[in-house]
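Asks: Just passing along the structure, written as structure tokens.
The values are calculated or read from the model by the stated rules, or taken from the named source; none is laboratory data. From a predicted model like this one, the values you see are computed outputs, not experimental measurements. Cβ atoms come from the backbone with ideal geometry, glycine included; neighbour counts cover every protein chain shown. Surface areas here come from the heavy atoms of the whole protein model, side chains and all, with no ligands, DNA or RNA. Shrake-Rupley method; radii C 1.70, N 1.55, O 1.52, S 1.80 Å.
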Amino acid sequence: MKIAMVGSGYVGLVSGACFADFGHDVVCIDKDQSKIDRLHDGIMPIYEPGLAELVASNVDAGRLTFTTSLADGIEGADAIFIAVGTPSRRGDGHADLSYVYAVAKEIGESLSNDAVIVTKSTVPVGTGDEVERILSDSGTSHRFAVVSNPEFLREGAAIGDFKRPDRIVIGAEDEFGRQVMREVYRPLFLNESPILFTGRRTSELIKYAANAFLATKITFINEMADLCEKVGANVQDVSRGIGMDNRIGSKFLHAGPGYGGSCFPKDTLALLKTAEDYDSPTRIVEAVVKANDSRKRAMGRKVLDALGGAEAARGKKVALLGLTFKPNTDDMRDSPAIAVAQALTDAGVEVAAFDPEGMELAKLLMPDVTMVDEPYAAIEGADAIAIVTEWDVFRALDLKRIKDLANAPVLVDLRNIYRPDDVRALGFEYSSIGRT
Ligand code: NAD
């Protein structure tokens, strides 16, 4: 099969490389010339474990190419995927669909054969209908079908998730669309990955419902963590105790500083807007969005408390360890670290930070924070150390060395990666999430 992937960001590039690895002939298209130039030079535009090797081997095998020209890239393609961004629209939180619609229009103008157009971007219910309208309006004489195929991969584990998905969801309205998608995913059929065929609108909603449900699970356990701190209970045991119930499941029950990243914040907001438009309020999701927003800055206050309160904190120094919204990515979008750093600098605290992959992007978002190139440089002279992201490198810190380097042995562990007794035995003042 020949596949064209329009948009070569996280989703487009990972999906494109994986489809090529399945044996398909794939062209990844992006309008960002520098991204395509770098890909031609074998340089990945994102940090994702295993991606550089996967791209290189498929380029070498002649199955994966890159171009900035949509017209050239889609020529002869059986399936044309749209994998461009759908960020929150400034001002109202609706998904900004301008990139998706611009691509649909360009496809309509350039289509030179029959093809299935697949929205892989996360898009609100009804977007597929509009994409279909745009293609019809382009006057193309070729047969086409518009299909929804949301992506569920996680950054940091993207290749494994794509190749061994829990399920593949395909929303199609006709047999042409279904049949081409069956061919596209045939290698996964053979792997026995479950494939769920639904209507297009249902498929679009499944993606938002999934993300909203996961965001709800995280927010639920975060609120339980706050309660644990008040009543002297341990949230990790609460998580285990409820997660062992198969009806609940143990995943996404790790208390922390709040969810961030490129998906949950914008997708929960977009779902609220869809619900509002259809006069069908989703009050649980409303509460989740509100609770998570206020939690991120509250984490900054937690660090200030460890310094003796906002007054005492002025002029002190904090080492922030971890800036990305989760480990194994360089993605800084909506990372809790941004709100934590802001709360600290607002209170007149000097902040030095280290992150294994996120500092280049973080610099732009946190102009008042000093970035250093290894964790102990941030810790030197610090009055408190805050772990914000659970990168492996922070799981095995040399605590004795930290004690010597820091101005005060104060550790705020927003990811619960240390055992309170162990750290306190070394003389640290230690606070974490939902544990006393
Ligand atoms: P991204 O910003 O990393 O990549 C989007 C790419 O599209 C960019 O490289 C951009 O230059 C390109 N682009 C924009 N307009 C274009 C055009 N007209 N022609 C060609 N290229 C164009 O975005 P992403 O993180 O890959 O997300 C893409 C979509 O997938 C979003 O809807 C997102 O919600 C969804 N999604 C993302 C993830 C994730 O983990 N990042 C997971 C599941 C779903």
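Asks: Just for the range 19-46: of the residues that are buried (at least 24 other Cβ atoms within 10 Å of the Cβ) and assigned to a helix (DSSP H, G or I), which one is farthest from the ligand (Cβ to nearest atom)?
Replies: A20
Asks: Also, quick follow-up: For the structure I just gave you, tell me whether E175 is within 15 Å of V14 (Cα to Cα) and either in the same structural domain as D78 (by TED's automatic domain parsing) or in contact with a strand residue (DSSP E or B) (Cβ under 7 Å, 6 or more places away or on another chain) (or both). It would help to see each step written out before you state the result.
Replies: Working: within 15 Å of V14 (Cα to Cα): no; either in the same structural domain as D78 (by TED's automatic domain parsing) or in contact with a strand residue (DSSP E or B) (Cβ under 7 Å, 6 or more places away or on another chain) (or both): yes.
Criteria not met by E175.
Asks: I've got another one for you. Check A77, A104, A17, A61 and return the single one that is at pLDDT 95 or above and over 26 Å from V169 (Cα atoms).
Replies: None of the others qualify; the one that does is A61.
Asks: Confirm whether L344 is in contact with a helix residue (DSSP H, G or I) (Cβ under 8 Å, 6 or more places away or on another chain), more than 21 Å from G315 (Cβ to Cβ) and not polar (S, T, N, Q).
Replies: Against the criterion (in contact with a helix residue (DSSP H, G or I) (Cβ under 8 Å, 6 or more places away or on another chain), more than 21 Å from G315 (Cβ to Cβ) and not polar (S, T, N, Q)), L344 does not qualify.
Asks: With the structure loaded, tell me whether I417 is part of a helix (DSSP H, G or I), among the β-branched types (V, I, T) and either assigned by TED's automatic domain parsing to the domain that holds T324 or open to solvent by 10 Å² or more (accessible area, probe 1.4 Å) (or both) or whether it fails that test.
Replies: Working: part of a helix (DSSP H, G or I): no; among the β-branched types (V, I, T): yes; either assigned by TED's automatic domain parsing to the domain that holds T324 or open to solvent by 10 Å² or more (accessible area, probe 1.4 Å) (or both): yes.
So I417 does not fit the description; no.
Asks: Let me ask you something else. Since K251 meets every condition but one in (1) farther than 21 Å from F152 by Cβ; (2) among the charged types (D, E, K, R); (3) more than 16 Å from the ligand (Cβ to nearest atom), which condition does it not meet?
Replies: Of the numbered conditions (1) farther than 21 Å from F152 by Cβ; (2) among the charged types (D, E, K, R); (3) more than 16 Å from the ligand (Cβ to nearest atom), the odd one out for K251 is (1).
Asks: Moving to a separate point now. In the range 75-124, how many residues are within 11 Å of the ligand (Cβ to nearest atom) and touching a residue at least 24 places away in the same chain (Cβ under 8 Å)?
Replies: Number satisfying all stated conditions: 24.
Asks: Now a separate question. E151 versus (1) modelled with pLDDT under 95; (2) within 19 Å of F264 (Cα to Cα): which is the lone unmet condition?
Replies: Of the numbered conditions (1) modelled with pLDDT under 95; (2) within 19 Å of F264 (Cα to Cα), the odd one out for E151 is (1).
Asks: Show the residue pairs that are 6+ apart or on different chains and have beta-carbon atoms under 6 Å apart, the first residue being within the range 20-41 and among the small types (G, A, S), the second being within 15 Å of the ligand (Cβ to nearest atom) and open to solvent by less than 60 Å² (accessible area, probe 1.4 Å).
Replies: Close Cβ pairs satisfying both conditions: A20/V26.
Asks: Tell me, please, whether a residue that is touching a residue at least 60 places away in the same chain (Cβ under 8 Å) and basic (K, R) can be found in the range 187-202.
Replies: yes
Asks: If I go through the range 169-194 residue by residue, how many of them are of a type outside the set (D, E, K, R) and surrounded by fewer than 17 Cβ atoms within 10 Å (Cβ to Cβ)?
Replies: So the count comes out to 8.
Asks: Then there is this: So the check is Cβ under 8 Å with 6+ separation or different chains; which pairs have a first residue in the range 145-160 that's without any contact (Cβ under 8 Å) to a residue 40 or more places away in the chain and a second one that's not small (G, A, S)?
Replies: The qualifying pairs are A145/V116; A145/I117; A145/E173; A145/D174; A145/F176; A145/V180; R154/D161.
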